[in-house]
1. Measure nothing but the geometry: give the 0 to 90° angle between the long axis through the Cα atoms of 105-116 and the longest principal axis through the Cα atoms of the chain, rounded to 10°.
2. Given points 7 Å out from each Cα along the Cα-Cβ axis, report the residue 2 to residue 171 separation in nanometres with one decimal.
3. Please enumerate, by chain and number, the lysines with C-alpha under 20 Å from the C-alpha of residue 84, excluding those fewer than 8 residues away in the same chain.
4. To the nearest 0.05, how large is the calculated FRET efficiency for residue 90 and residue 163 if R₀ is 30 Å and r is the Cβ-Cβ distance?
5. Per-residue counts of other Cβ atoms within 10 Å, averaged by peptide: what ranking do you get for 137-150, 1-14, 52-65, highest first?
6. With θ taken as phi - 60° and the coefficients 6.51, -1.76 and 1.60, list the Karplus ³J(HN,Hα) couplings across segment 54-66 in order, rounded to whole Hz; mark glycine and proline as x.
7. Suppose only helical runs count, i.e. DSSP H with n ≥ 4. What mean residue ellipticity at 222 nm does that imply for the chain under -39500 (n - 2.57) per run, divided by all residues and rounded to the nearest 500 deg cm²/dmol?
8. For segment 17-23, just list the computed ³J(HN,Hα) in residue order, Karplus coefficients 6.51, -1.76 and 1.60, θ = phi - 60°, integers in Hz, with x standing in for Gly and Pro.
Amino acid sequence: MTDQILTELADAVVAMDATRASRAAGRALESGIAPVVAILDGLSKGMERVSELYEAEEYFIPEILLSADAMNAGVDVLRPHLPKESTRDKRKVVIGVVKGDTHDIGKNLVRIMLENGGFEVHDLGRDVAHSRFVEVARQVGADLVCLSTLMTTTMDGMRVVIDELRRAGVAARVMVGGGPISPGFASRIGADGYGRNATEAVRVARSLLGSGPVVARGATQA
Ligand code: B12
């Protein structure tokens, strides 16, 4: 039954059918499937298949956007049911997609998981100017800055943001992620952590912030 519903969630995204995705999300809740499982093992799997179809040139930009709408419709149903971890003293996270890149589906998933993991998240959106990360990290007193990008052409912007943060004396840790990013790249540009997906992002964020200052700088991976 669980597998059937997870497949239905993924299929609804591939079929670009928002109504079907909302309905499948409702069924997932009724059947006691954890909302996080429905998002990551259902809707996100569908988006992965959509990515493959795009690469195979079977899907094009309109199909991708409609699939993303279907995924978001499912997330909207599931999100209020995600168990909230409340901590009295919330760690502050600033997140955004670096300049030049408008891909934000993955960043949005990471934001949702961090919020539900008990972090206070300030989302700067996509195509964010490098200096904006520094400005907001300073303003809110961020503990962690999360940078996302899906394109090889914009990944060097992460290095620029990290350099600007360090030059400005912002003490926040930095975690990076997104399609072309590897733990090696993260380490080379001076990031403190790297996460492959939204669940890893929460684990890495906790390991970076949970146990006091990280003495040696180097990319931590879950
Ligand atoms: C969806 C999509 C789009 C959508 C974006 C819609 C949106 N609102 O995001 C649309 C159609 C608009 C689009 C446009 C473009 N796209 Co596009 N797109 C994709 C596609 C098919 C899927 C990406 C996606 O959403 N995946 C699903 C999500 C859930 O996965 P994810 O993003 O990887 O995120 C997960 C992890 O990476 C991680 N993660 C992500 N961020 C972070 C951050 C942190 C801190 C951490 C820890 C983890 C983390 O966690 C996420 C959740 O698990 C990819 C193909 C691919 N294989 O990725 C191409 C792809 C990224 N696009 C590409 C290109 C080239 C473009 C365009 C330039 C096309 C064009 N010619 O106009 C434009 C970009 C314009 C711009 N300047 O930004 C290329 C990039 C190539 C490259 N050089 O790197 C790709 C790889 C396709 C390809 N093979 O050519 N695209």
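Any read-out appearing in this document is the output of simple, stated calculations on the displayed coordinates, not a laboratory observation. The shown structure was predicted, so the numbers you read here are calculated from the model rather than taken from an experiment. Glycine also receives a Cβ, built like all others from the backbone with ideal geometry; neighbour counts cover every protein chain displayed.
1. 80
2. About 4.3 nm separates the two model spin labels.
3. 92, 107
4. For residue 90 and residue 163, the calculated efficiency is 0.60.
5. For the peptides 137-150, 1-14, 52-65, the packing ranking is 137-150, 1-14, 52-65.
6. Computed from phi, the couplings for segment 54-66 are 5, 5, 7, 6, 9, 10, 10, 4, x, 5, 4, 5, 5 Hz.
7. Per the formula, -15500 deg cm²/dmol.
8. The phi angles translate into 10, 5, 5, 5, 5, 5, 5 Hz.
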